[in-house]
Amino acid sequence: MRQPAHGGNLAWAAALAGCPPDAILDFSASISPLGPPNSAIAAILSQIGNLKHYPDPNYSELRLALSHFHQLPPEWILPGNGSAELLTLIGRELAQLAATILITPAFGDYYRTLKAYNAKVLECPLSLVIGHWSLVIGHLSLTKDKGLLLNNPHNPTGKLFSRDSILPYLEQFALVVVDEAFMDFVLPNEEQSLIPVVQEYRNLVVLRSLTKFYSLPGLRLGYAIAHPDCLAKWQLWRDPWPVNTLAAAAAIAALQDTEFQQQTWAWLPPARNQLFQGLAEIPGLQPQISAANFLLVESQQSTSQLQQQLLKHHQILIRDCLSFKELGDRFFRVAVREESDNQRLLTALSGEWGVGSRE
């Protein structure tokens, strides 16, 4: 079976480990271990009887829930079949510009959507200085006929860019797309979302995901926030009914579940710190500071080899970084999980590092 480019491929991992998929402890997909919320499950069950009907093509109730959540008019919000579907629409939009500046290392789906429409891509790498990643876009931004695509917090580094550091680019680019798939994990008093300023800039698109924070990747649900004229155009490009009835119901319930949100914000910082400190204590591993629910780790050992050892010996799946060409075989990424899972990973890594370093 071909090695996956994305995390979370349990079928591939189980085949390599020689065990059932549900025996794999998955650190490769950055999904919260706390969900799905009971409120979302209850909402799904309540809608089973409505599966015989088509969804509302305008998703009025879902857009209203999102508008209340973000304090925006509903016409500024477009739900989608995961952020991947919305990225495809954005790729078509970006391809109409002279070029797109892509902040790298970059999520592989960005390359997919830009390639699909033959968009010209200019890569702008982050720089790593003394364990800190920084963003500097120099001569690439001299003209206003280009687009900019980045994510915040950045995947895979976990770097959180300040809102103020991104705002100047809105004056320099024809279109700025900020993928905030992991912004929900940032504590409310620390988050740097551009959603509060989206109505001030016709050239700003913000992407959000409901699948990672609420542990609903199987339902495929995301949304774009942008000027209504832009969203109306995208509506003409897409297939009808992209969001299914169960996903819409789960999203509405999850957005209103303040108890689950508070539980997640209370869980993440100490769990992330536990994992960070444990990784830092293993010789040859250097975790990077992260604002998200994952950690990027620099390794002195081949991480693809380490990935296979962890699978075969411990049924643990980590995310190698081979698909991020700037990182290659000396970095891996791990999701933050609950304390017992994190400790199991740390124990396995300590053992495998000793084995790998002697080979």
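The values are calculated or read from the model by the stated rules, or taken from the named source; none is laboratory data. Since this is a predicted model, take the numbers as computed values, not measurements. Virtual Cβ from ideal backbone geometry, glycine too; neighbours counted across all protein chains shown.
Against the definition (more than 30 Å from residue 258 (Cα to Cα) and β-branched (Val, Ile, Thr)), how does residue 186 come out, yes or no? Step through it out loud before you land on a result.
Values: more than 30 Å from residue 258 (Cα to Cα): no; β-branched (Val, Ile, Thr): yes.
The answer is no for residue 186.
Would you say residue 311 is surrounded by 15 or more Cβ atoms within 10 Å (Cβ to Cβ) and within 24 Å of residue 189 (Cα to Cα)? No; evaluated as a whole, the condition is false for this residue. Between 182, 161, which is buried (at least 24 other Cβ atoms within 10 Å of the Cβ), of a type in the set (A, V, I, L, M, F, W, C) and not assigned by TED's automatic domain parsing to the domain that holds residue 28? Exactly one residue qualifies, and that residue is 182.
If the condition is being part of a helix (DSSP H, G or I) and without any contact (Cβ under 8 Å) to a residue 40 or more places away in the chain, then the stretch 69-83 contributes only 74. Do we have residue 62 as assigned to a helix (DSSP H, G or I), at pLDDT 95 or above, surrounded by fewer than 17 Cβ atoms within 10 Å (Cβ to Cβ) and not acidic (Asp, Glu) here? Criteria not met by residue 62.
The criterion of being of a type in the set (A, V, I, L, M) and under 29 Å from residue 178 (Cα atoms) does not hold for residue 25.
Keeping to the stretch 84-117, report how many residues are in a strand (DSSP E or B) and of a type outside the set (A, V, I, L, M).
We begin by selecting, within the stretch 84-117, every residue in a strand (DSSP E or B); these are 99-104.
Then drop every residue that is not of a type outside the set (A, V, I, L, M), which leaves 100, 104.
Number of matching residues: 2.
Results for (1) touching a residue at least 12 places away in the same chain (Cβ under 8 Å); (2) over 20 Å from the mean Cα position of the chain (by Cα); (3) within 20 Å of residue 113 (Cα to Cα); (4) crowded, with 19+ Cβ neighbours inside 10 Å, shown as yes or no for each residue.
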residue: 188; (1), (2), (3), (4): yes, no, no, no
residue: 205; (1), (2), (3), (4): yes, no, yes, yes
residue: 224; (1), (2), (3), (4): yes, no, yes, yes
residue: 228; (1), (2), (3), (4): yes, yes, no, no
residue: 243; (1), (2), (3), (4): yes, no, yes, yes
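For residue 286, the test of being buried (at least 17 other Cβ atoms within 10 Å of the Cβ) and not assigned by TED's automatic domain parsing to the domain that holds residue 109 is failed.
Of the residues making up the stretch 95-121, those that are of a type in the set (A, V, I, L, M, F, W, C) and exposed (fewer than 15 other Cβ atoms within 10 Å of the Cβ) are 98, 116. Taking the stretch 250-330 and the strands (runs of 3 or more DSSP E) fully enclosed by it, the elements with 1 or more residues that are modelled with pLDDT of 95 or more and closer than 19 Å to residue 104 by Cα are at 285-287, 294-299.
Name the residue that is farthest from the chain's Cα centre (by Cα), counting only residues in the stretch 331-343 that are closer than 16 Å to residue 285 by Cβ and part of a helix (DSSP H, G or I). Among those residues, the one meeting the criterion is 343.
Matching residues to (1) farther than 30 Å from residue 233 by Cα; (2) crowded, with 18+ Cβ neighbours inside 10 Å:
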residue: 11; (1), (2): yes, no
residue: 21; (1), (2): yes, no
residue: 26; (1), (2): yes, yes
residue: 33; (1), (2): yes, no
residue: 53; (1), (2): no, no
residue: 58; (1), (2): no, no
residue: 82; (1), (2): no, yes
residue: 89; (1), (2): no, yes
residue: 93; (1), (2): no, yes
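Filter the stretch 247-283 for residues that are small (Gly, Ala, Ser), farther than 17 Å from residue 333 by Cα and surrounded by fewer than 17 Cβ atoms within 10 Å (Cβ to Cβ) and give the result. Give the derivation first.
Within the stretch 247-283, the subset small (Gly, Ala, Ser) is 247-251, 253-254, 266, 271, 278, 280.
Those still in the list that are farther than 17 Å from residue 333 by Cα too: 247-251, 253-254, 266.
Hit for the stretch 247-283 is 266, nothing else.
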